[in-house]
Amino acid sequence: HLKENGRDHHTSKFSSKELIVRRGQAFIVTFNGIEQPEQNLTFIAETGPKPSKLAKTQATFSISTTVSKDSWSAVLQSTSSNSVSISISSPPNAVIGRYKLSVQSTSSGSSSPASLGTFVLLFNPWSSGDDVFMPNKAECEEYVLEEFGIIFAGNKNHINSFGWNFGQFQGDILNICLSMMDRSLNYRQDPATDLSHRNDPKYLGRVLSAMVNANDDQGVLLGNWSGNYEGGKSPSSWTGSGEILQNWKKSGFKPVRYGQCWVFAAVLTTVLRCLGIPTRTITNFSSAHDADGNLRVDEFYDASGNHLDRAADSIWNFHVWNESWFSRSDLGPSYSGWQVLDATPQEESEGIYQCGPASRYAIKEGDVDLDYDCPFVFAEVNADCMYWNYDPATGKKTLMFSQSTVIGQFMSTKAVGRDDRVDVTNDYKYEEGSTKERDIFKKARKKLGLEDKFDPTAPTPQEIDQKPDISGKFKVAGPLEVGKDLNLILVLANLQSHAKTVHVNMTAWSTVYTRRPVNEIWKDFISVTLSPKEEKQFPIKIPYTEYHQQLTTDNVIQVTALCHVEGGIQVLVQRDITLDNPAIDIEVLGEVKVNKEVDVEVIFTNPIDVEVTDCVLQVEGNDLLRGIL
């Protein structure tokens, strides 16, 4: 009854000829050649290489008159002269995966069970007994059944977005997701224990966050943040998860080259939605990577204003992770709901590159002592920033300024049923700068033992309290598009009531979106005297011809001005610029009808004065394209 079961279990989008159902809900099977079924039938459902009742990977059950809530059961639906229909139910906490179903007739004296075939059992967010139960049906549609998504990127000043084809119901994706569980380190070390935990979304979310990256376990994607993507595909050229997962399988499960954070997050979304765990992507702008766990991120600049790549800490223009929806019986009801999972390999957790599930509520409340990886996620949205001037010759570092409000901004996800951006920052922390937010930060530091510990690398209170004599900022004065010249204005203002002389070293570097410098594009120097309380503006122009060959595929330029104020402390002015690629417009020509071909026109306008050659157009759309373009 593939059609009826598929409709009832919200699995009809799968393209498989195999029965795919969700746990905690009945499905119908009909078979022939059985007499007096209610008296003499025993069913066996089993999964994994060594099924056992103890590990919950084998269930034996006979026909009963009622459905059991906490065990497998079979209820007779109807009989005719030669066939019988049975309604089979699994418990809402059953192990998920591919099962073999067989039946044994006790009356015929036959000892070996007859195989009825296989079926796949998934999580069930529509069932109130399931750990992943999601009461809002529109959210179930979006976070489990929607195959198309929107991911937000850019930077805090300039948020952009792009479409992504999750494609969790396409072709062989379900089989690949099932294979992924069987290739994890946990399964390889102890298959029986691993299988027995596959009823738990906490466990599977953590295991799959490790499997989506290639570190440790020959997982799906190899990360690369160098700006050089030879030997693979640039992370920004992927448009969907299907090709990545298919390539992983076709290559004999060798890691696919290359991924960056949104690719890891998108592939994990595909896998978890496929298995029935409600999941979405979250973009955090100005995201901290706190490598040493002190809730502080240090950045270093030389006297010329060059951003030095010498610290393990970093502030990414944006970072994308996942939220999955399930209950946290291990922590208590207030910690249930959205849980943070992150497949991007940043720091090891229990010796493996995996991250989460961290309860979003725990992050907001500063409960960083709770499982799993809460301190790292808390730092991503809350860390304080220290900006240092560093002299490579002497090793001396001088604090220029510190900020406690720049990390974790405009946290974004796609709206339910619409392509709009929804801001979820307030779900991760109290209002920036409020007393409550600072109290939570102190609570987290205390729980991590940072309040009582002397940190020789931390700035002194005197350094933190020092006040600059001038202020500065970069203003954008023109379009931020690849192909156009970059026009900025450096604005410097004297905050004092006496004149100040300032020597300014300016640089522009291409970076990857993690703000790691790649190529120097431009530098300049000016000296200026500012009258008391005077503000001056200095126009800056970086022509396209100067930056285009230095740009990475992330289209990011970091502009810095290091201001040496005579008789005062140095002032750092910086801005990260993300340039938009030229738009591709899609127009549908004619009427669109189901199962009828339709022509679509794709329009691209070359924005530069030079001919572009060897262009490739990538097109992706679930169930819309046949063959290869």
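Only one of K53, K100 is open to solvent by 70 Å² or more (accessible area, probe 1.4 Å), outside the structural domain of S336 (by the TED database), among the basic types (K, R) and not in a strand (DSSP E or B); which?
Every option except K53 fails the conditions.
Mind checking which residues of region 593-621 are of a type in the set (V, I, T) and touching a residue at least 40 places away in the same chain (Cβ under 8 Å)?
The answer is I608, and nothing else.
Just to confirm my filter: which strands (runs of 3 or more DSSP E) fall fully inside region 307-417 and include at least 3 residues that are modelled with pLDDT of 95 or more and of a type outside the set (G, A, S)?
314-326, 337-341, 409-414
Filter region 403-424 for residues that are touching a residue at least 24 places away in the same chain (Cβ under 8 Å) and either among the β-branched types (V, I, T) or not assigned by the TED database to the domain that holds G154 (or both) and give the result.
Within region 403-424, T405, V406, I407, T413, V416, V424 qualify.
I'd like to check something: does region 121-130 contain any residue that is touching a residue at least 24 places away in the same chain (Cβ under 8 Å), assigned to a strand (DSSP E or B) and on the phi > 0 side of the Ramachandran plot?
no
Check whether at least one residue in region 407-425 is of a type in the set (G, A, S) and open to solvent by 60 Å² or more (accessible area, probe 1.4 Å), and report yes or no.
For region 407-425, residues of a type in the set (G, A, S) and open to solvent by 60 Å² or more (accessible area, probe 1.4 Å): present.
State all residues of region 197-231 that are open to solvent by less than 10 Å² (accessible area, probe 1.4 Å), more than 19 Å from S241 (Cα to Cα) and touching a Pro at 6+ places or on another chain (Cβ under 9 Å); if no residue qualifies, say none.
P201
Of S107, S102, S90, S83, which residue is modelled with pLDDT of 95 or more and either under 26 Å from the mean Cα position of the chain (by Cα) or hydroxyl-bearing (S, T, Y) (or both)?
Exactly one of S107, S102, S90, S83 is modelled with pLDDT of 95 or more and either under 26 Å from the mean Cα position of the chain (by Cα) or hydroxyl-bearing (S, T, Y) (or both), namely S90.
Do you know which residues across region 326-355 are among the hydroxyl-bearing types (S, T, Y), touching a residue at least 40 places away in the same chain (Cβ under 8 Å) and either under 22 Å from N124 (Cα atoms) or open to solvent by less than 20 Å² (accessible area, probe 1.4 Å) (or both)?
S327, S329, T344
Look through V482, V504, V491, V556 and report the one residue that is in contact (Cβ under 8 Å) with a residue 40 or more places away in the chain and under 18 Å from I569 (Cβ atoms).
V504
Name, by its number, the condition in (1) open to solvent by less than 80 Å² (accessible area, probe 1.4 Å); (2) farther than 29 Å from D190 by Cα that does not hold for T60.
So the condition that T60 fails would be (2).
Take region 440-468 and flag every residue that is in contact with a Leu (Cβ under 6 Å, 6 or more places away or on another chain) and either part of a loop (DSSP other than H, G, I, E, B) or farther than 25 Å from T398 by Cβ (or both).
Selection gives P459 alone.
For E437, indicate whether it is in a helix (DSSP H, G or I), acidic (D, E) and surrounded by 12 or more Cβ atoms within 10 Å (Cβ to Cβ).
yes
Quick one: F148 ticks every box in (1) farther than 30 Å from T578 by Cβ; (2) surrounded by fewer than 17 Cβ atoms within 10 Å (Cβ to Cβ); (3) out of contact with any helix residue (DSSP H, G or I) (no Cβ under 7 Å at 6 or more places or on another chain); (4) not small (G, A, S) except a single one, so which number is it?
If we test F148 against (1) farther than 30 Å from T578 by Cβ; (2) surrounded by fewer than 17 Cβ atoms within 10 Å (Cβ to Cβ); (3) out of contact with any helix residue (DSSP H, G or I) (no Cβ under 7 Å at 6 or more places or on another chain); (4) not small (G, A, S), just (1) comes out false.
How many residues are closer than 21 Å to D373 by Cα, of a type in the set (A, V, I, L, M) and within 28 Å of the chain's Cα centre (by Cα) if we restrict to region 418-455?
Looking only at that region, the number is 4.
Taking the conditions exactly as written (small (G, A, S), touching a strand residue (DSSP E or B) at 6+ places or on another chain (Cβ under 6 Å), assigned by the TED database to the domain that holds A266 and farther than 30 Å from F166 by Cα), does A383 satisfy them or not?
Against the criterion (small (G, A, S), touching a strand residue (DSSP E or B) at 6+ places or on another chain (Cβ under 6 Å), assigned by the TED database to the domain that holds A266 and farther than 30 Å from F166 by Cα), A383 qualifies.
Of everything in region 294-316 that's of a type outside the set (D, E, K, R) and under 21 Å from the mean Cα position of the chain (by Cα), which residue is surrounded by the most Cβ atoms within 10 Å (Cβ to Cβ)?
Filtering first and then ranking leaves W316.
Can you tell me which of T79, T106 is hydroxyl-bearing (S, T, Y) and in contact with a Pro (Cβ under 7 Å, 6 or more places away or on another chain)?
Of T79, T106, the one residue that is hydroxyl-bearing (S, T, Y) and in contact with a Pro (Cβ under 7 Å, 6 or more places away or on another chain) is T79.
Give, as residue ranges, the strands (runs of 3 or more DSSP E) completely inside region 480-535 that count at least 2 residues that are open to solvent by 60 Å² or more (accessible area, probe 1.4 Å), in the same structural domain as D554 (by the TED database) and among the hydroxyl-bearing types (S, T, Y).
Ranges flagged: 517-530.
Which condition number in (1) crowded, with 19+ Cβ neighbours inside 10 Å; (2) farther than 22 Å from G154 by Cα; (3) β-branched (V, I, T); (4) under 31 Å from the mean Cα position of the chain (by Cα) is the one that V381 fails?
(2)
Yes or no: region 103-115 includes at least one residue that is farther than 20 Å from S196 by Cα, in contact with a Cys (Cβ under 9 Å, 6 or more places away or on another chain) and open to solvent by less than 50 Å² (accessible area, probe 1.4 Å).
No, because not a single residue in region 103-115 is farther than 20 Å from S196 by Cα, in contact with a Cys (Cβ under 9 Å, 6 or more places away or on another chain) and open to solvent by less than 50 Å² (accessible area, probe 1.4 Å).
For region 2-23, state whether one or more residues are open to solvent by less than 50 Å² (accessible area, probe 1.4 Å), in a strand (DSSP E or B) and without any contact (Cβ under 8 Å) to a residue 60 or more places away in the chain.
No, the conditions are met nowhere in region 2-23.
Residue-by-condition table, conditions (1) touching a Ser or Thr at 6+ places or on another chain (Cβ under 6 Å); (2) free of Cβ contacts under 8 Å to residues at least 24 places away in the same chain:
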{"residue": "S115", "(1), (2)": "yes, yes"}
{"residue": "F119", "(1), (2)": "no, no"}
{"residue": "G149", "(1), (2)": "no, no"}
{"residue": "F152", "(1), (2)": "yes, no"}
{"residue": "D172", "(1), (2)": "no, no"}
{"residue": "D194", "(1), (2)": "no, yes"}
{"residue": "G205", "(1), (2)": "yes, no"}
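Tell me, please, whether a residue that is under 27 Å from N93 (Cα atoms) and open to solvent by less than 20 Å² (accessible area, probe 1.4 Å) can be found in region 152-166.
Yes, there is a match, as at least one residue in region 152-166 is under 27 Å from N93 (Cα atoms) and open to solvent by less than 20 Å² (accessible area, probe 1.4 Å).
The values are calculated or read from the model by the stated rules, or taken from the named source; none is laboratory data. Note that the coordinates shown come from a computational prediction; the quantities given were computed from them, not determined experimentally. All Cβ positions, glycine included, derive from the backbone under ideal geometry; neighbour counts span all protein chains shown. The area values use the complete protein model at the heavy-atom level, side chains included, leaving out ligands, DNA and RNA. Shrake-Rupley method; radii C 1.70, N 1.55, O 1.52, S 1.80 Å.
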